[in-house]
Amino acid sequence: MTTVATTPPAQTTVPLRLSLALGSGTVLQPLNSSMIAVAIVPIATHFGSSSGTAWVISALYIATAVTAPAAGRLGSILGAKRVYLTGLGLIAAGAILGSLAPSLGWLIAARVLLGIGTATQYPNAMTVIRAYADQHNSETRSAIATLTICAQSVVAFGPTLGGLLVGILGWQSIMWINLPLVAVTALWVLLAAPKDQRPPTRERGSSLIRSLDPVGILLFLAVTTSTMLLLLSLVDHPKWYLIPAVVVSGALFVLWERRTESAFIDVRALARNRALSMTLGRTLLTYTAFYSVFFGLPQWLQGARGMSPMHAGLLMLPVAAVGIVSTITASQTYGRFGARVTLLIGTAALTVGALVLTFVESSSTPVVALLLVAAVLGIPNGFNNMGNQNLVNSVSSSADVGTAIGLYRTIQYIGANLAAVVVELTMRGTPDDAGLHRTGGAILIIGIVLLVGVVFSRTLRAR
């Protein structure tokens with residue numbers, strides 16, 4: 001009897017209908033985070049003061065930073081699809097509250113609710129995709145590219161869409177636009193996503209609160225909020241007395257997370273997993289630079305260039321278009337050459353774009369040149385996202401990928417908070433040419449640090 005050699009079946013891909021359905025919900029976070037960039041000036045005018053408007057931006061990011069890892073863990077306990085859909089309901093509630101907000105405080109509260117809701121989509125989408133891939137021996141790279149386009153590249157459409165909505169219907173329209181998007185996504189996910197494999201049990205429900213590490217969440221919130229208050233105060237009257245609060249809450253957070261069994265952020269795992277910790281550090285700097293562009297450039301276009309919110313949003317459109325193309329290209333680059341080449345392209349493009357920003361003048365730079373600058377700034381969006389996100393996925397197990405991606409998103413939101421501070425400090429309350437040049441200089445420094453880090457990274461070289 002002769003033995004016939006068999007070859008393993010070819011690896012399939014996650015169905016596009018599934019990744020698109022899940023991706024439709026991940027669009028909501030970037031849209032809500034970026035549409036606000038062109039609405040800040042009208043919001044300040046509506047409420048009669050610009051004081052506190054920075055918290056309209058930061059409130060969403062602080063809420064998402066705290067919620068994202070917990071949402072990933074909730075998905076593994078209660079079912080990823082179930083948590084995903086619950087988050088959509090919270091988004092709808094936040095949108096209604098925000099559109100009817102009688103004061104800036106109520107608007108900030110609505111943004112917190114939006115942040116909690118939008119934090120649930122991405123980590124649970126990754127959990128659903130990873131579970132499908134493991135069950136059907138499918139590769140996840142194409143699905144991750146789809147989610148990245150939806151969750152990251154689409155962020156550049158936010159100023160464009162927001163500008164059109166604000167210009168035609170007022171700033172409240174950026175809130176209620178969530179309602180039809182939530183309805184479409186909920187129906188799509190219900191039809192396309194498979195049922196949760198393990199329904200929740202009474203035992204898992206009874207240990208839910210403990211597994212979410214509420215003490216760790218509160219300490220993390222204390223660190224984030226006190227740090228934001230300190231950094232934002234540097235613009236006019238520094239609140240140096242907050243430094244002890246930052247240090248003490250940070251130390252308590254690390255000590256608690258090292259000792260608790262169900263850590264909100266497993267600092268011990270980060271210390272052991274050098275590839276993951278380096279990737280998250282790179283992600284923090286990348287998103288600080290990324291959102292500095294998205295918060296700073298629209299403000300400069302309106303303040304120094306004299307553009308309306310609609311025109312400022314339209315000028316940001318090349319960032320979105322190039323970002324989508326670069327994401328697709330980056331997915332192919334990662335598959336062929338790996339993370340190091342992918343990140344080299346992204347960080348180099350970021351450095352070049354930031355350098356150009358330091359020379360832009362409101363009076364002498366033609367619109368065509370501004371469109372080219374925006375196009376260049378769309379390149380790093382796709383390449384950096386694909387490189388870092390695929391690295392996080394590759395070093396995480398199927399059971400932990402939701403929590404790991406939630407942590408990745410937390411780092412993204414912390415970067416967005418830092419970007420709001422960078423823009424406040426560099427613009428100094430006046431979005432003029434000098435302010436934009438200072439913002440570009442800050443982004444340039446970050447780009448150079450990232451580029452040097454990628455070139456000399458032993459972790460990336462080994463991979």
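The values are calculated or read from the model by the stated rules, or taken from the named source; none is laboratory data. In this text, all values refer to a predicted model and were calculated from it rather than measured experimentally. Positions of Cβ are generated from backbone atoms using ideal geometry, with glycine treated the same way; all protein chains shown enter the neighbour counts.
Scanning segment 191-216 for residues that are under 19 Å from I265 (Cβ atoms) and either outside any loop (DSSP other than H, G, I, E, B) or at pLDDT 75 or above (or both) gives L208, I209, R210, S211, D213, P214, V215, G216. Listed by first and then second residue, the pairs linking a residue in segment 158-185 that is assigned by TED's automatic domain parsing to the domain that holds I36 and under 15 Å from V41 (Cβ atoms) to a residue that is hydroxyl-bearing (S, T, Y) and not in a helix (DSSP H, G or I), with Cβ atoms under 8 Å apart and 6 or more places separating them unless they lie on different chains, are G163/S308; G167/S308. Among the residues of segment 329-362, which ones are closer than 30 Å to L436 by Cβ and β-branched (V, I, T)? Correct list: T329, T342, I345, T347, T351, V352, V356, T358, V360. For segment 69-106, taking the residues that are among the small types (G, A, S) and in contact with a Pro (Cβ under 6 Å, 6 or more places away or on another chain), the one that is modelled with the lowest pLDDT is identified as G72.
Taking segment 228-248 on its own, how many of its residues are touching a residue at least 60 places away in the same chain (Cβ under 8 Å) and not in a loop (DSSP other than H, G, I, E, B)? Looking only at that region, the number is 3.
Name, by its number, the condition in (1) out of contact with any helix residue (DSSP H, G or I) (no Cβ under 6 Å at 6 or more places or on another chain); (2) buried (at least 16 other Cβ atoms within 10 Å of the Cβ); (3) farther than 22 Å from Y408 by Cβ; (4) of a type outside the set (A, V, I, L, M) that does not hold for P238. Looking at each condition in turn, P238 falls short on (2). Annotation: of all residues in segment 20-35 being of a type outside the set (A, V, I, L, M) and over 20 Å from Q302 (Cβ atoms), the one that is modelled with the lowest pLDDT is P30.
Each row is one residue, and each column tells you yes or no for (1) within 28 Å of P214 (Cα to Cα); (2) surrounded by fewer than 21 Cβ atoms within 10 Å (Cβ to Cβ).
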{"residue": "V14", "(1), (2)": "no, no"}
{"residue": "T26", "(1), (2)": "yes, no"}
{"residue": "S34", "(1), (2)": "no, no"}
{"residue": "A44", "(1), (2)": "no, yes"}
{"residue": "A63", "(1), (2)": "yes, no"}
{"residue": "L74", "(1), (2)": "yes, no"}
{"residue": "L97", "(1), (2)": "yes, yes"}
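Scanning segment 373-403 for residues that are buried (at least 24 other Cβ atoms within 10 Å of the Cβ), among the small types (G, A, S) and at pLDDT below 75 yields a total of 1.
R272: surrounded by fewer than 21 Cβ atoms within 10 Å (Cβ to Cβ) and not aromatic (F, W, Y), yes or no? Spelling it out, R272 is indeed surrounded by fewer than 21 Cβ atoms within 10 Å (Cβ to Cβ) and not aromatic (F, W, Y). Checked against (1) over 26 Å from T333 (Cα atoms); (2) part of a helix (DSSP H, G or I), A101 passes all but a single condition, namely (2). Identify, by number, the condition in (1) within 22 Å of T26 (Cβ to Cβ); (2) within 19 Å of the chain's Cα centre (by Cα) that A92 doesn't meet. A92 satisfies every listed condition except (2). Among the helices (runs of 4 or more DSSP H) confined wholly to segment 292-364, which include 3 or more residues that are assigned by TED's automatic domain parsing to the domain that holds G382 and of a type in the set (V, I, T)? Hits in segment 292-364: 317-337, 339-357. From the list A101, A80, the lone residue that is closer than 22 Å to N178 by Cα, over 23 Å from the mean Cα position of the chain (by Cα), of a type in the set (G, A, S) and surrounded by 19 or more Cβ atoms within 10 Å (Cβ to Cβ) is A101. Name every residue in segment 348-366 that is closer than 14 Å to N384 by Cα and touching a Gly at 6+ places or on another chain (Cβ under 6 Å), in order of residue number. Passing the criteria: L350, T351.
Residues that are modelled with pLDDT under 85, of a type in the set (A, V, I, L, M) and assigned to a helix (DSSP H, G or I) were ranked within segment 36-55; the one that is farthest from the chain's Cα centre (by Cα) is A44.
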